[in-house]
Amino acid sequence: MTNEQLIEQLTSANPDAVVKQGSQYPEITVAHDKLHAFMQNIKSDSSLAFDYLVCETGVDYPTFIQVVYHLESTAHRHFMVVKANTENRETATLDTVADIWPTAEFHECEIYDLLGIRFNNHPNLRRYFLDDTWGHPLRKDFHDDIHVVER
Amino acid sequence: MAEFSEKYIVTDEIKADEYLVNIGPQHPSTHGVLRLLTRLEGEIVHNVEPHIGYIHSGIEKMTEALSYPQIVHLTDRMDYLSAHMNNEAVCLCVENALQVEVPERVKYIRTIFDELQRLASHQLWWCASGMDLGALTAFFYGLRDREDILDIFEETCGARLTLNYSVPGGVMFDIHPNFQKSVKAFITKFRKKLPEYDKLLTDNIIFQNRTKGVGVLSKEDAIAFGVTGPTGRASGFSCDVRKHHPYSAYPYIKFDEKMGTDGDSFMRWKVRMDEMWESMNIIEQLIDNIPEGDFAVKMKGVIKLPEGEFYQRVESARGEFGVYIVSDGKKNPYRVKFRSPGFSNLFTINHIAKGWKIADLVAIMATFDLVIPDIDR
Amino acid sequence: MAFEKYDFTPITQSIHQALIENVSPLLTTIIEWTIIGVLYLLFIAVFGLFLVYAERKVCAAFQQRLGPMRVGPWGLLQTIADFIKLLMKELITPKSVDKFLYNLAPFIVIIVPFLTISVIPFAPGLQSLDFDIGIFFVTAVSSVGVIGVLLAGWASNNKYSLIGGMRSGAQIVSYELSVGMSLITMVILAGTMQVSEIVELQRGGWFLFKGHIPALIAFTVFVIAGTAETNRGPFDLAEAESELTAGFHTEYSGIKFAFFFLAEYINLFIVAAMATIVFLGGWMPFHFGDWAAFNNVMDFIPGLVWFFLKVFGIIFLIMWFKWTFPRLRIDQILTLEWKYLLPINLFNILLMATMVLLGWHW
Amino acid sequence: MKSFFNYIAEIFSGVWTLLTGMKVTAKYFFTPWKNVTQQYPENRDTLVMYDRFRGEVIMPHNDNNEHKCTGCGLCENACPNGSIEIISKSIVNEEGKKKRIIDQHIYHLGMCTFCNLCVRACPSDAIVMGQKFEHAHWDRSSFTKVLNLPGSKIMEGIKE
């Protein structure tokens, strides 16, 4: 499926989501409460069949934290970026997609560790890299006077 | 909603016959500081839980304070065995964002370096996993041959491991006048050495017994767990970025994506061995046809990416390496994420090592070709 | 024959005579025991160190390296320096070990080679114990070593050590069988268990050639099983470095570790010596048919030299195995023993017995 | 019966693969002159590094104790680790104009990752990568080096 067709299909299927052509790939921003259903849909829909979660990461913005999913379909070889914003930064929560793509379980642990997003229904959410005395370093307001030297 | 806990708790009760063994953080077969919390019954593995982060270096955070050429040199330090692929990924991402077309010569040089780096990485993997399986002599043969590639690297770019050869817009130096000669000499030499690798281990009955049928990863699981690279391809998951999303000079050349079917340790081994032959074929196609021209385009002194998000995938020696850059138009990126192949690959261990023995766990880890800084970043 | 002049019997006899004429018989025995004990002690220490050096050089040559080169000319003093280092190291006893057993284990392990070495004839007349059940004594005593390994694994209170010890136990107990069986095959051919007599019987030709096919099979089995019994690669599961870090001796340091280390190498020597005695004619020189000139030249090489040449040949073979093959898994090791070596061995005993009955050997 | 022959064939093919492996190692054992080990401190005199080898940052001076560094600070900006510090001073030249020239080009070897970005950034080729690689030292303070020699001047004709 080409990018245009993909955008068309996604727009018609999800009228309230924001679908646009990004710099390389189609991007869709999904509301956080509809994320899990949407993800399940794009994996099971045979014309989309996004079965390979390439990358999952988070970006800290001033008012929310965005989780970005890079998805590819091994059958159709099309690529898409899904974004979901948390409601706020302080109690950032999002539904897990670990039940849809098992690899997400580990990426979500990493996101929780570094950005502090808690994933609902996650089977085993733990910090991978840092211990509990740390904050969440990839947040923009993270300051560490001991370990970080700023020029 | 599941009960959430800040601290990690061993969720399953340890049964009467079971005991916990920490394999790592300091252990000969983890190739770095990886800790596998293993639940054993006798020698049988019941559960493996990887604990990572012992050499987390915070590269993603550091990049937020650095300019784009400076980020490139940090990527050397993640997967140090595919340093050039990592460099290239960042450079391609920056070039794509700036819509810069690099000269053909750069594309050829980068691709040759990619394949040399892949060869060097697979050689080290070969010898290190031979060592894991107890064949200590293999370790020295692999390092001996890898030395030739490192010499080629050193001749052209002055460094052996942390190359920092690609820069946004091209490569740092032009290739050394001897480069083509020494690469060809190496290929001729290594074509004679590689059959010895097979004689020493691949065909060996002990080795085959150790790896055949051990740690089978099905194709479905490979896709679901995002297992890429030779490890994923051994399971039949066609995931070669060079083939599906060609970059640099890969569109110009003919090569096969080496695939396996069984997904066991032996197949992972075989796919990597085949990839070494294929890498030599790729280099031979390119080495005589490097076009004349500049080795870099002139970039601005301060590289500023346009606002937006950019994702670039390359095939590193271990699998799909991705760079995701969020730019807010300044000279530093807003956020950089490195999608490292080792991270996704590592966590399948629990899935496939269950029910095998400790010795098999070592064999599985060996054929997964883990590089810990790649996982920890 | 010419090599009879290298016989050590006159020397030992004259020492005995000198002693018995001057002191009481009891004191004579005590002095002789002491001399023999000190000689064996020296031999084991020096030969163990030399074997470590040889192993390092051989392994280096296989790996296209040079090996130790810094201490002394060609690194000859390297192992001595290592040994001094091990002697001076602190003996660490971890907190939660079973102290008695933990300290006992290295001694049990080191006692075994001392016992076994006593029946080995190095040269004509150079043998301290000449039982009529020599072969039986060797097989019986050498299986004591496994107790030391098991104790070390158990008493260390370390999971890696325990796994290593248990693996070693399973492995050595199984391979004892093959070692014994292949020796029995040759005992059938020789008709005696007395070591000196077995050597003497090979004056006309080594058993490996005399017994041809069954002897060759027995020899192969013995070398494989012997390698396994000394816990050497590819059967080094007990200390499988990449799996169990150091296996059963993980928690040992200093001289206690050196005991394990030394015992491994002396056991290697004993396996090689047994193979030499039973299959390759001990200190007997190599004779070829009726080439009188060739045989005479061979006779001029002393028996001691012959013995050590053969021993080093076998040791080199075993080192060659270690530095070529990957390690087996524990179940594969047991499979190899119970499914391959043991049936072959049983069949081989039958073959040998038939052959001896029908007189098909030379 | 067939399985019996398979059993025998299995043994022989297995032993054959083992022997091929042993042949490979034996080949190297009996050709010791092909050894690859280099005796490092002994071969120091004959050891030649590749001309592009990145050992450390150095500032070449000519016979008149002159260098090419203008003290522009581009290398300082290009360095990802902060291993270069430029301390400049103002002087009054012959024409009576105030001018900033370099006082000290400080290079922290201990922080350097030898990435070559400073050499690339330098507009006047004042710094290059040196060949020395034996950097180990007892004292960490000796890793902080001043690259311009004492009393050195900037070469004639180097543009600011």
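The C:ALA45 and B:LYS192 beta-carbon pair, evaluated with R₀ = 30 Å, returns a calculated FRET efficiency of approximately 0.10.
Taking amide hydrogens as placed 1.01 Å from N in the peptide plane, the amide H of C:GLY282 sits under 5 Å from those of C:ILE277, each at least 5 positions away in sequence or on another chain. Within the straight-line cut-off of under 21 Å between alpha carbons, the lysines reachable from A:LYS20 are A:LYS34, A:LYS43, A:LYS83, sequence neighbours fewer than 8 places apart in one chain being disregarded.
Distance between the 7 Å Cα→Cβ label points at C:VAL305 and D:TRP16: 4.1 nm. Listed from fewest to most Cβ neighbours within 10 Å, the set A:TYR25, B:TYR311, B:TYR108 follows the order A:TYR25, B:TYR108, B:TYR311.
Return the whole-Å distance between the Cα centroid of the stretch A:89-141 and the Cα centroid of the stretch B:310-346. The stretch A:89-141 and the stretch B:310-346 have Cα centres spaced 18 Å from each other. Remark: C:THR12, B:THR137 ranked as C:THR12, B:THR137, counting other beta-carbon atoms within 10 Å and listing the fewest first. The amide H of B:GLU320, built 1.01 Å from its N in the peptide plane, has B:THR228, B:GLY229 as neighbours under 5 Å, considering only residues 5 or more places off or on other chains. Across the stretch D:140-147, computed HN-Hα scalar couplings (Karplus, 6.51 cos²θ - 1.76 cosθ + 1.60, θ = phi - 60°) run 5, 5, 6, 7, 8, 10, 9, 7 Hz from first to last residue, x flagging Gly and Pro.
Note on chain B: the alpha carbon radius of gyration divided by the globular reference 2.2 N^0.38 Å gives 1.00. Estimated from the Cβ-Cβ distance and a Förster radius of 51 angstrom, the FRET efficiency linking C:PHE347 and A:LYS34 is about 0.10.
With the highest mean first, a sort of the peptides C:200-207, B:45-52 on other beta-carbon atoms found within 10 angstrom per residue produces B:45-52, C:200-207.
Placing a label point 7 Å from the Cα of D:LYS145 along the Cα-to-Cβ direction, the residues of the stretch D:64-99 whose backbone N falls under 15 Å of that point are D:83-85. Extending 7 Å from Cα along the Cβ direction at D:LYS99 and again at B:ALA65 yields two label points whose distance is 3.6 nm. Put a plus charge on the Cβ of each Lys and Arg, a minus charge on the Cβ of each Asp and Glu, and nothing anywhere else: the dipole of the stretch A:101-151 about its Cα centre is then about 140 debye. Using the Cβ-Cβ distance between C:MET88 and C:ILE15 with R0 set to 41 Å, the FRET efficiency works out to roughly 0.70.
Helical runs assigned H by DSSP (4 residues or longer) give the protein assembly as shown a calculated mean residue ellipticity at 222 nm of -14500 deg cm²/dmol, each run adding -39500 (n - 2.57) before division by the residue total.
Computed from phi, the 3J(HN,Hα) profile of the stretch B:91-101 under the Karplus parametrisation 6.51, -1.76, 1.60 (θ = phi - 60°) reads 4, 5, 5, 5, 5, 4, 5, 8, 6, 8, 9 Hz, with x in place of Gly and Pro.
Given +1 at the Cβ of Lys and Arg, -1 at the Cβ of Asp and Glu and no other charges, the dipole of the protein assembly as shown around its Cα centre is 1620 debye to the nearest 20. In a reduced charge model with +1 at each Lys and Arg Cβ and -1 at each Asp and Glu Cβ, chain B shows a dipole moment near 500 debye about its Cα centre. Cross-link partners for D:LYS68 among the aspartates and glutamates, with Cα-Cα distance under 14 Å and sequence neighbours closer than 8 places in the same chain left out: D:ASP103, D:ASP125, D:GLU156, D:GLU160. Between the residues A:TRP134, D:ASN77, B:THR231, the greatest Cα displacement towards the positive end of the dipole of the protein assembly as shown, with unit charges on the Cβ of Lys, Arg, Asp and Glu, is found for D:ASN77. Relative to the current alpha-carbon distance between D:SER3 and D:ALA136, full extension at 0.36 nm per residue lengthens the span by 41.4 nm.
Between the listed residues B:TYR250, B:MET172, B:ILE23, the Cα displaced farthest toward the positive end of the dipole of chain B, a dipole computed from Cβ unit charges relative to the Cα centre, is found at B:MET172. Each label point was placed 7 Å from the Cα along the Cα-to-Cβ direction; for C:THR335 and C:PHE312 their separation is 3.9 nm. As a quick test, which of the pairs B:LYS300/B:LYS337; B:LYS107/B:LYS337; C:LYS89/C:LYS322; B:LYS189/D:LYS23; D:LYS89/D:LYS153 have an alpha carbon distance above 22 angstrom in this structure? Over 22 Å apart, Cα to Cα: B:LYS300/B:LYS337; B:LYS107/B:LYS337; C:LYS89/C:LYS322. Ordered by the count of other Cβ atoms within 10 Å of each Cβ, fewest first, D:TRP16, C:TRP283 give D:TRP16, C:TRP283.
Cross-link partners for C:LYS57 among the aspartates and glutamates, with Cα-Cα distance under 16 Å and sequence neighbours closer than 8 places in the same chain left out: C:ASP82. Amide hydrogen proximity for B:VAL167: with H placed 1.01 Å from N in the peptide plane, the residues at 5 or more positions away or on another chain lying under 5 Å are B:MET172.
Dipole of the protein assembly as shown computed with +1 at Lys/Arg Cβ and -1 at Asp/Glu Cβ about the Cα centre; of B:ILE44, A:THR29, C:ILE20, farthest Cα towards the positive end is C:ILE20.
Values quoted throughout were computed directly from the atomic coordinates according to the rules given, and no laboratory measurement underlies them. These numbers come from a predicted model, not from an experiment. Neighbour counts are summed over all protein chains in view; Cβ atoms, including those assigned to glycine, are modelled from backbone coordinates with ideal geometry.
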